[in-house]
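Worksheet: the structure to be examined is printed underneath.
Laboratory data are not the source of any read-out in this text; all were calculated from the coordinates shown. From a predicted model like this one, the values you see are computed outputs, not experimental measurements. Backbone-built Cβ (ideal geometry, glycine too); neighbour counts: all protein chains shown.
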Amino acid sequence: MSADLSDILAEEHREIFGFLQALATERHDRFPLAHRLIDALASHTAAEQQVLYPGMRDIVPGGTEMANRAQIEHQAMRAALITLEDSHPGQSEFEDALVTLRAELEAHVPVEENEILPALRAVIGTDKMEELGALYNQIKENIPSGLQGLPADLPTPQFRPW
């Protein structure tokens, strides 16, 4: 049995929070660790935007609003990732970006795991969640590393309910 989309995303969320926790220390490898965080969160976001959010918009009642809210949250995270990439540990910009990123993720992840994914599962069922998990993994394997994998910055979602 393959992992379903919910399990995959929850595991990635734990990995991302692990990076943030490690970056909150006085480690000597914070710069490369920050770039591992950038790679992980950028590929996670890009794959979600190709698999999870279109599914939400297309088939889940109220899914357009949920997906739009999540996309706006990801845009705020993207801005923090850009700052992380352009700065260095110890600089105020770097440290502020970490704080912003943690706050955004602490607001976003519970909604995704406790509202968005259960709403999608309720509509499509476990088998389809496994299929989406496999699709998500395939897409992630082909996403460029770093911020190159993210689509261009959009000020607001462009999707509206029917």
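Which peptide among 17-24, 52-59 comes first, and what is the full order, when sorted by highest mean count of other Cβ atoms within 10 Å?
Details: 17-24: 15.5, 52-59: 18.2.
The packing order, highest mean first, is 52-59, 17-24.
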Q. Which of Ser92, Ser6 comes first, and how do the rest follow, when ranked by fewest Cβ neighbours within 10 Å?
A. Ser92, Ser6
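Taking only the C-alpha atoms, wrap a convex hull around the chain and report its volume per residue in Å³ as a whole number. If you can, show how the numbers build up before the last one.
Values: hull volume 17.0 nm³, N = 162.
Dividing the Cα hull volume of the chain by its residue count gives 105 Å³.
Summing -39500 (n - 2.57) over the DSSP H runs of n ≥ 4 in the chain and dividing by its residue number, what mean residue ellipticity at 222 nm do you reach, to the nearest 500 deg cm²/dmol? Each step should come with its number before you reach the end.
Values: 5 runs with 118 residues, N = 162.
Mean residue ellipticity at 222 nm (helix-derived): -25500 deg cm²/dmol.
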**Q.** Positive-end residue of Gly18, Ser6, Gln49, charge dipole of the chain with Cβ unit charges
**A.** Gln49
Q) For Gly146, what is the net charge nearby, where nearby means another residue's Cβ is under 9 Å from its Cβ and Lys, Arg count +1, Asp, Glu -1? A) -2
